[in-house]
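Everything on this sheet refers to the single structure shown next.
The values are calculated or read from the model by the stated rules, or taken from the named source; none is laboratory data. Worth saying up front: this structure is predicted, and the values here are computed from it rather than measured. Cβ coordinates were reconstructed from backbone atoms using ideal geometry, including for glycine residues, and neighbour counts include every protein chain displayed.
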Amino acid sequence: MNKSENDSISIYVVSGGKGVTGHTIVQTLIIQYPENSLNVKLIPDVVTEKKVLDVIKKVKDTNGILTHTMVNSDLRTFLIEECKKQNIKQADLMGGLADIIENDFGLQSVNSPGLYHKINAQYYKRIEAIEYTLNHDDGLNAQNLHKADIVVTGVSRCGKTPLSVYMAMFGWKVANVPLIEGIDPPKELFEIDKNRVFGLNISLSHLVVQRQKRWKNFGNLTNNNYVDSKVVGKELQYANFLFKRGGFTKINISNKAIESTANEILGLLFERFDKEKHHNLD
């Protein structure tokens, strides 16, 4: 078969679930054939015999190849038999192993498509939250603040990033926005739901100590405004002005563990919103 013929080949990935597993398997295989252009089409949620027949007709009409990860044994058998009747090339990506497990070891399938992803939903939600949080650290991508579950804001070295990452590990999408005197914060900060925005309030002495530690790590740079008490005090005043302007909830974080601050924020969030709409933190 020459290249022009290969260009017209469609590989249909059929699944009773979302088809992610089958699609990954097929993509992993066809990447080994770089000179061919194979068109992979995902057909998810095939859960009835009628849908099976519709898919088979589509594959036959395009002279394609049908691959499948049907975990429902009855539908899998029906699909394979219909493919044989209509002389359609099919590749069973799950059935062989499933038959061994059931026939040789006597185990019974629950025949529930998408079960793996349902069981691991919380894990994937946490990964998504961590990715969001890292992509919205220190004021990045402010246009997406409305997608955050929680927004924390405050001056430099008040612990925004470690707090954000800690809560993200439990599945919360957290953005953090720095407040710098003389620079207007992103307008989106005042457009989102204020009940999701938390201003981190820290004592002057504690903040100066935190900045001095960082100051030493940078080799005592010439501009000492970063650790000057008067300058830092003005920064805190500016931050408190913005907290009041936005109606944000102030959270005192002086000498407080990250876990304690996170619990305080999440406790307030659960009080303000329907608990069932949020993540299960158990």
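Before moving on, here are some points about what is shown:
- Any hit, the stretch 137-148, residues being of a type outside the set (Phe, Trp, Tyr), surrounded by 16 or more Cβ atoms within 10 Å (Cβ to Cβ), part of a helix (DSSP H, G or I) and out of contact with any Asp or Glu (no Cβ under 8 Å at 6 or more places or on another chain): yes
- Beta carbons closer than 8 Å, at least 6 apart along the sequence or on distinct chains, pair a first residue in the stretch 65-87 that is under 19 Å from LYS18 (Cα atoms) and in the same structural domain as GLY22 (by TED's automatic domain parsing) with a second that is crowded, with 21+ Cβ neighbours inside 10 Å and of a type in the set (Lys, Arg) for HIS68/ARG76; MET70/ARG76.
- Screening TRP172 against (1) in a loop (DSSP other than H, G, I, E, B); (2) over 17 Å from ALA129 (Cβ atoms) leaves a single unmet condition, (2).
- Number of positions in the stretch 41-64 that are closer than 21 Å to THR21 by Cα and either touching a Ser or Thr at 6+ places or on another chain (Cβ under 9 Å) or not assigned by TED's automatic domain parsing to the domain that holds LEU29 (or both): 8
- So LYS256, is it assigned by TED's automatic domain parsing to the domain that holds ARG196 and modelled with pLDDT of 95 or more: no
- SER164 meets the conditions (1) under 19 Å from ASP137 (Cβ atoms); (2) exposed (fewer than 12 other Cβ atoms within 10 Å of the Cβ); (3) in contact (Cβ under 8 Å) with a residue 24 or more places away in the chain in every case but one. The failed one is (2).
- Of the criteria (1) of a type outside the set (Val, Ile, Thr); (2) at negative phi; (3) surrounded by fewer than 17 Cβ atoms within 10 Å (Cβ to Cβ); (4) modelled with pLDDT of 95 or more, which one ASN280 fails: (4)
- The stretch 122-136, residues that are among the polar types (S, T, N, Q), within 20 Å of PRO186 (Cβ to Cβ) and surrounded by fewer than 16 Cβ atoms within 10 Å (Cβ to Cβ): ASN135
- Out of PHE243, PHE198, sole residue that is within 20 Å of MET167 (Cβ to Cβ), in a helix (DSSP H, G or I) and at pLDDT 90 or above: PHE243
- Only one of SER229, SER156, SER203 that is free of Cβ contacts under 8 Å to residues at least 40 places away in the same chain and small (Gly, Ala, Ser): SER229
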